[in-house]
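The values are calculated or read from the model by the stated rules, or taken from the named source; none is laboratory data. Here the structure is a predicted model, which means the values were calculated and not measured. Note that each Cβ is placed from the backbone with ideal geometry, even for glycine, and that neighbours are counted across all protein chains shown. These area figures cover heavy atoms from the full protein model, side chains too; ligands, DNA and RNA do not enter into them. Shrake-Rupley method; radii C 1.70, N 1.55, O 1.52, S 1.80 Å.
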Amino acid sequence: MICHHDLRQDATGESMSTLFQRYPFKGKALGWLLVSTLLLAWNQIAQAGTVDFSGQASTWLIASENSSQFGMQYIPELSWQKALTENYKLSAEAAINAQWAKHLGGGSQEDATLDPYRLWLRFAANQYELRAGLQKISFGSATLLRPLRWFDTLDPRDPQQLTDGVYGLLGRYYFPNNANIWLWLLYGNHDLKGWETMPTEKRRVEYGGRAQLTLLAGEIALSYDHRWVNGKDFFSQTTGQTLPIFAEDRLGLDGKWDLGAGLWFEASLTRQDLEAVELPYQRLLTVGMDYTFDLGNGLHVLGEHLEGRWSKKSFGNEKRQAISALSVTYPLGILDTLVAINYYDWQESYWSPFITWQRTYDEWQLNVSLFSNPEQPLTSQDQATNNSFAGKGMQILLVFNH
């Protein structure tokens with residue numbers, strides 16, 4: 001495991017550069033600079049506030065029809081907070097994601113990564129907050145099929161609900177009637193996230209905002225994001241040449257209401273400002289509903305349907321995708337829960353079932369899952385994630401929280 005090695009020189013005399021060739025670390029330079037700065041100042045910071053250390057360790061075994069994998073992961077987290085006055089507070093969080101995996105069979109390839117996971121500083125008052133650094137930004141009303149999954153890589157089938165963060169500055173203001181406004185500036189994020197099929201140009205600032213209002217018995221929100229896309233590794237089917245750096249605008253609208261049953265919708269319109277892109281417009285719409293039936297210990301059923309369109313003009317229909325999803329959760333007892341999630345692709349006539357049994361103690365959690373999925377991601381939103389559930393197989397996941 002990677003923590004057995006001294007990063008300066010290991011037991012066999014390997015140099016640091018040789019070790020990094022052997023284990024392909026992916027740490028981001030900006031993240032590690034922030035981590036180093038924070039650790040150097042941590043002693044002074046800790047003396048001036050409350051410090052808490054926690055973490056999550058996990059190990060898993062995935063056995064599928066094409067390949068198998070054994071892996072381990074540890075995410076240690078330091079959090080700090082200090083009350084400046086009665087109304088103002090500072091807080092910070094630093095976490096690292098250390099992961100090792102061995103692919104069984106076919107050469108037994110090993111992978112090890114050590115990346116910044118969270119690293120942010122937050123200033124909060126009674127009605128507003130500012131948070132800067134590597135952080136999670138997630139919003140919207142949908143659960144299984146999310147048009148507004150712009151900045152995270154959350155998978156509803158993942159029991160740990162882990163996601164990479166983004167580097168940036170996020171400000172939020174809260175009104176007394178529960179309405180709120182978000183504003184963000186992002187920089188240095190070039191990995192795929194959400195529905196992206198081409199990465200963000202890391203030397204350009206990405207910016208946007210979100211306004212959420214109360215409406216009747218629920219809430220409605222309007223979101224906007226502008227980024228620059230790096231297309232240098234992609235060819236235009238129109239011109240046959242590589243794509244340049246070009247602008248992309250995203251507009252989102254979502255709402256949710258509790259009318260006995262939960263009802264919601266989530267929609268987005270994406271425009272890529274480049275004629276060489278074959279289908280520069282993308283429209284996504286999800287509608288959903290959930291209800292807990294008074295059966296046994298309580299049967300929770302959640303359903304969503306997504307309609308996607310890709311076109312040359314704003315409201316064209318050159319390409320279509322339709323996916324339905326259903327989630328059923330039933331607590332077997334105090335410790336055990338059964339969860340089933342199923343996706344259906346109407347174009348490909350393909351079912352993607354996933355079922356998991358979960359046993360939870362105070363600090364331990366055991367998950368045993370069965371899945372059957374296509375080798376390629378079901379939707380383009382899954383291209384940004386590690387497609388652990390590709391093909392048919394089983395996963396055993398053991399998690400320890402401290």
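Couple of notes before you dig in:
- Spacing of the modelled spin labels on GLN160 and HIS103, each 7 Å from Cα toward Cβ, amounts to 1.9 nm.
- Taking the Cα centre of the range 94-195 as reference, the dipole from Cβ charges on Lys and Arg (+1) and Asp and Glu (-1) amounts to some 360 debye.
- The residues of the range 156-202 expose on average 45 square angstrom of accessible surface per residue, using a 1.4 Å probe on protein heavy atoms.
- Label point distance in nm, TYR174-PHE234, each placed 7 Å from Cα along Cα→Cβ: 3.8
- Per-peptide packing, taken as the mean over residues of other Cβ atoms within 10 Å, places 193-200, 241-248 in the sequence 193-200, 241-248 from highest down.
- Net length gained if the chain between ALA340 and TYR88 were fully extended (0.36 nm per residue, minus Cα distance): 86.4 nm
- Computed label-point distance, nm, for sites LEU130 and TRP357 using a 7 Å Cα→Cβ extension: 5.2
- R0 of 22 Å, Cβ-Cβ distance GLU348-GLU278: FRET efficiency to nearest 0.05: 0.60
- Ordering 51-62, 139-150 by mean Cβ neighbour count within 10 Å, with the highest value first, yields 139-150, 51-62.
- Over 30 Å between alpha carbons, listed pairs LYS102/LYS232; LYS202/LYS392; LYS312/LYS392; LYS136/LYS232; LYS136/LYS256: LYS102/LYS232; LYS202/LYS392; LYS312/LYS392
- When the solvent-accessible area of the range 51-113 is split by element, carbon and sulfur atoms take up 53 percent of it, the probe being 1.4 Å.
- Surface composition of the range 153-297: carbon plus sulfur atoms hold 59% of the accessible area, using a 1.4 angstrom probe and ignoring ligands, DNA and RNA.
- Cα centroid separation, the range 51-103 to the range 154-224: 21 Å.
- Peptides 257-268, 174-185 ranked from most to least packed by the mean count of surrounding Cβ atoms within 10 Å: 257-268, 174-185.
- Viscosity 1.002 mPa s, 20 °C: Kirkwood-radius Stokes-Einstein D of the range 124-196 over Cα pairs, µm²/s: 157
- For the pair GLU110 and ARG320, a Förster radius of 41 Å applied to the C-beta separation gives a FRET efficiency near 0.45, rounded to the nearest 0.05.
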